[in-house]
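Notes to accompany the following structure.
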Amino acid sequence: MLNKKELSPIKMQEILIYGAGGHAKVVIDTILQEGKYMIIGLIDDRELVPDLLGFPVFKSLDEISCRPEFFIVAIGDNAVRKQKFELLKEAGIKPATVIHPSAIISDYASIGEGSLICLKASVNTDARIGDNTIINSGANVEHECVIGSHVHISSGVNLAGRTRVEEGAFAGISSTTLPGINVGSWSTIAAGAVVIKDVEPSSKVAGVPAKLMRSKAIQPL
């Protein structure tokens, strides 16, 4: 009779969440559902609750006794999320890519480091997602889309094939693009807008069809 080898439990990698607001609750749940990481806590320098969904909230890295291997930034604001992302990378912590198990990701798509793919989102064939980007619940990123870093694609957004969204842009809830649209860096698409032509960098468009509402906003450093 063969001896059975004792099975050792798989050691989960520790992860730190930066940010302890409402979006952090979504990040916590997604991490728990994915089951790859063990949350050691959250960091937020604001005066918030001492814990969030049962996980401790610290004010700085100095309050954490052991340095985690991975982090993810749970902040919806693109400019602030970029700042914290770069800060934690400089501190020697690795960005984690977190994907909800209900999300549908093509084997031919690529997801950048530190990005979050939420509940029932889809990323189709040959789409590319940059670093530190949020693809929120139920968003659809179609074939050959190119999404830059530090972007936020909100819940229910539909990006048609070959849409290009440049760094720092924000697509509001349930907005839509036609195929091949270019959305410029640090621009904003308002909720429910239907974008039928390119969006200039640092501008805001709204309506059906989307029209220019603001231009030449200051880009973050």
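The values are calculated or read from the model by the stated rules, or taken from the named source; none is laboratory data. Predicted, not measured: the structure shown is a model, and the values here were computed from it. Because the Cβ atoms are built from the backbone with ideal geometry, glycine has one as well, and the counts that use them run over all protein chains shown. Surface accessibility is based on the protein's heavy atoms, side chains included, excluding ligands, DNA and RNA. Shrake-Rupley method; radii C 1.70, N 1.55, O 1.52, S 1.80 Å.
Here are the numbers:
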item	result
Hits in the range 36-56 - residues which are at positive phi and either open to solvent by less than 80 Å² (accessible area, probe 1.4 Å) or not in a loop (DSSP other than H, G, I, E, B) (or both)	GLY41, GLY54
Residue list for the range 57-75, filter: part of a loop (DSSP other than H, G, I, E, B) and in contact with a Gly (Cβ under 9 Å, 6 or more places away or on another chain)	ILE64, ARG67, PRO68, ALA74, ILE75
Residue match in the range 95-114 (condition: in contact with a Cys (Cβ under 6 Å, 6 or more places away or on another chain), buried (at least 18 other Cβ atoms within 10 Å of the Cβ) and under 20 Å from ARG81 (Cβ atoms))	yes
Where a residue in the range 63-74 is free of Cβ contacts under 8 Å to residues at least 24 places away in the same chain and its partner, wherever it lies, is open to solvent by 10 Å² or more (accessible area, probe 1.4 Å) and in a strand (DSSP E or B), with Cβ under 7 Å and at least six apart	none
Condition met for LYS120 (on the phi > 0 side of the Ramachandran plot and modelled with pLDDT of 95 or more)	yes
Matching residues in the range 123-157 - criterion: being on the phi > 0 side of the Ramachandran plot and crowded, with 24+ Cβ neighbours inside 10 Å	ASN132, HIS150
All positions within the range 13-41 that are of a type in the set (A, V, I, L, M, F, W, C) and in contact with a Phe, Trp or Tyr (Cβ under 6 Å, 6 or more places away or on another chain)	ILE15, LEU16, ILE31, ILE39
